[in-house]
Each structure stands twice: as structure tokens, then as C-alpha cells.
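One structure below.
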């Protein structure tokens with residue numbers, strides 16, 4: 001039987017003015033994410049595929065401080081960062097300051113696949 005260790009980190013910081021229903025929405029969403037990632041793992045998806053899929057969901061869900069829901073810059077803009085790592089292959093990819101993509105983690109994964117000059 002496969003054994004997994006899973007941690008879901010859903011953003012850096014909590015808005016103290018976040019309404020209770022949004023906090024509850026985030027809690028429910030985490031359970032949905034946990035079920036999604038377990039289903040993917042049981043179906044044989046790679047850890048890298050699962051990580052990207054779950055982070056994409058976090059980036060897309062407005063309950064979380066990630067992706068388009070990120071904290072704004074002083075200028076009021078969204079600038080996102082993302083990184084992804086494959087420990088087995090010792091590969092990684094990262095992007096910073098991006099504002100025109102929906103899911104920066106997927107862009108970081110594409111960067112990871114680029115050849116090293």
C-alpha cells in the first residue's frame with residue numbers, strides 16, 4: 001500500500017476583516033482539495049502532477065491568499081510568485097512578479113522543463 005505525507009498551506013497571512021462565511025468557505029475548500037489530491041494519488045498521478053493540480057486550485061479559489069486572490073502591492077496590483085520542485089530529478093522552476101497568468105505554478109513548471117543554458 002502506498003504511503004503519503006500531505007500538507008496544504010493555504011496562504012501567508014489572514015485578513016483580520018475576512019468575513020466568517022469566507023473563513024468557512026476556505027475550510028470547506030481545503031477538504032475538497034484533500035479529497036482531490038487523494039483521488040489523484042490513488043489514480044497513479046505523479047507527486048509533481050498532484051502538487052501542480054492542487055496549487056492551481058488554491059490559486060483559482062478566491063478564498064485563498066494566492067493566485068489572483070493574492071495580497072496587493074502598494075500600487076494596488078497583483079504580482080504573483082510560484083515555485084515547484086521535483087526532488088527525484090533535482091529540478092526546479094520558479095517565476096516572480098508575474099501578473100498576466102492565471103496559474104503561476106503552471107508557468108513555474110514550464111520553466112522547470114526548460115533546458116539549462
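Name the one entry in 53, 82 that is modelled with pLDDT of 90 or more, in a strand (DSSP E or B) and within 9 Å of the chain's Cα centre (by Cα).
Checking each option against the conditions leaves just 82.
Can you confirm whether the stretch 10-20 contains a residue that is within 15 Å of the chain's Cα centre (by Cα), surrounded by fewer than 11 Cβ atoms within 10 Å (Cβ to Cβ) and under 29 Å from residue 113 (Cβ atoms)?
yes
Could you figure out which of (1) surrounded by fewer than 17 Cβ atoms within 10 Å (Cβ to Cβ); (2) modelled with pLDDT of 90 or more isn't true of residue 40?
Failed condition: (1).
Considering each of 117, 62 in turn, give the residue that is out of contact with any helix residue (DSSP H, G or I) (no Cβ under 8 Å at 6 or more places or on another chain) and either at pLDDT 95 or above or farther than 29 Å from residue 3 by Cα (or both).
Exactly one of 117, 62 is out of contact with any helix residue (DSSP H, G or I) (no Cβ under 8 Å at 6 or more places or on another chain) and either at pLDDT 95 or above or farther than 29 Å from residue 3 by Cα (or both), namely 117.
Counting just the residues of the stretch 99-110 that are touching a strand residue (DSSP E or B) at 6+ places or on another chain (Cβ under 8 Å) and exposed (fewer than 15 other Cβ atoms within 10 Å of the Cβ), which one comes out modelled with the highest pLDDT?
In this case the residue turns out to be 110.
The values are calculated or read from the model by the stated rules, or taken from the named source; none is laboratory data. The model shown is predicted, which means the values in this text are computed figures rather than measured ones. Note that each Cβ is placed from the backbone with ideal geometry, even for glycine, and that neighbours are counted across all protein chains shown.
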